[in-house]
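Data block below; observations after.
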Amino acid sequence: MRQTVAVCIPSGELVHTRMVISLVDLLFASHETINVPLQFLMGSNISESRNQLVKKAMTFNPDYVLFIDSDMHFPKDALQRLMFWDKDIIGATYCKRAPPFDIIGKTVAGDMPFGGVVEAERLPAGMLLIKASVFKDAPYPWFYETYDEAGELHSEDTNFCDDARKRGLNIWLECGLSVDLAHLAVYPITIPQMLQSRHHS
């Protein structure tokens, strides 16, 4: 019996062309062996978008929910690579879109090999596969933002991961897929920046 993975894509007004190409390739690579209902939701509040997408996903009675953000570029076998490990929560990580391009998320060991899976404290939700049972057993809302006592913002995916770990669930990082993933960025480049880069090279 084929498993069902509800693919959920929150977005703003624009979706990157490279992401669309990746998505089409993923759907073609998956549809013969996996049911992959696809849902987009356009909105300005990422927490609310993720919550509403999960609600819609549950109408398909899925085995998994796969979040893919609208600025991800990924290989066509990304879904199969995540499903292979049969984890409650597993995903890939990626760099921030602006210098110094820090890696988002944190592994338990504090490092990231170039292959295999390692346990993570938290991961971003831009490429995150979650078993449907995780949502069924958790209180609503699943995604929300908070500020701590120091005034630091905790994003919706950080809180989701923290809550899951408090419930005894493990979070896993697919390291090989993380190496193959790209976070698509658009930022201005000036002539002085270009000249300075050439000078240093």
Criterion violated by Gly115 - all others in (1) over 22 Å from His154 (Cα atoms); (2) open to solvent by less than 50 Å² (accessible area, probe 1.4 Å); (3) not in a loop (DSSP other than H, G, I, E, B) satisfied
(3)
Quick one: Met194 ticks every box in (1) in a helix (DSSP H, G or I); (2) touching a residue at least 60 places away in the same chain (Cβ under 8 Å) except a single one, so which number is it?
(2)
Go through region 126-167 and count every residue that is more than 19 Å from Ile68 (Cα to Cα) and within 14 Å of the chain's Cα centre (by Cα).
0
List the number of the failed condition for Ile130; all other conditions in (1) part of a helix (DSSP H, G or I); (2) out of contact with any helix residue (DSSP H, G or I) (no Cβ under 6 Å at 6 or more places or on another chain); (3) within 28 Å of Ala57 (Cα to Cα) hold.
(1)
For the list (1) open to solvent by 50 Å² or more (accessible area, probe 1.4 Å); (2) more than 22 Å from Arg97 (Cα to Cα); (3) touching a strand residue (DSSP E or B) at 6+ places or on another chain (Cβ under 7 Å); (4) not hydrophobic (A, V, I, L, M, F, W, C), I need the number of the one condition that Tyr140 fails.
(3)
Report yes if some residue within region 159-176 is over 22 Å from Ile46 (Cα atoms) and touching a Cys at 6+ places or on another chain (Cβ under 8 Å); otherwise report no.
no
Among the residues of region 158-180, how many are open to solvent by 50 Å² or more (accessible area, probe 1.4 Å) and without any contact (Cβ under 8 Å) to a residue 24 or more places away in the chain?
2
Please go through region 133-166 and give me each residue that is within 25 Å of Phe60 (Cα to Cα) and charged (D, E, K, R), ordered by number.
Lys136, Asp137, Glu156, Asp157, Asp163
Considering residues of region 181-198 that are open to solvent by 90 Å² or more (accessible area, probe 1.4 Å) and within 20 Å of Ile46 (Cβ to Cβ) only, the residue nearest to the chain's Cα centre (by Cα):
Val186
Among the charged types (D, E, K, R) and out of contact with any strand residue (DSSP E or B) (no Cβ under 7 Å at 6 or more places or on another chain): is that true of Glu149 in this structure?
yes
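The values are calculated or read from the model by the stated rules, or taken from the named source; none is laboratory data. Everything numeric in this text was worked out from a predicted model, so none of it was measured. Ideal geometry is used to build each Cβ from the backbone, glycine not excepted, and the neighbour counts take in all protein chains shown. When the accessible area is computed, the model is the full protein with side chains, heavy atoms only, and any ligands, DNA or RNA have been set aside. Shrake-Rupley method; radii C 1.70, N 1.55, O 1.52, S 1.80 Å.
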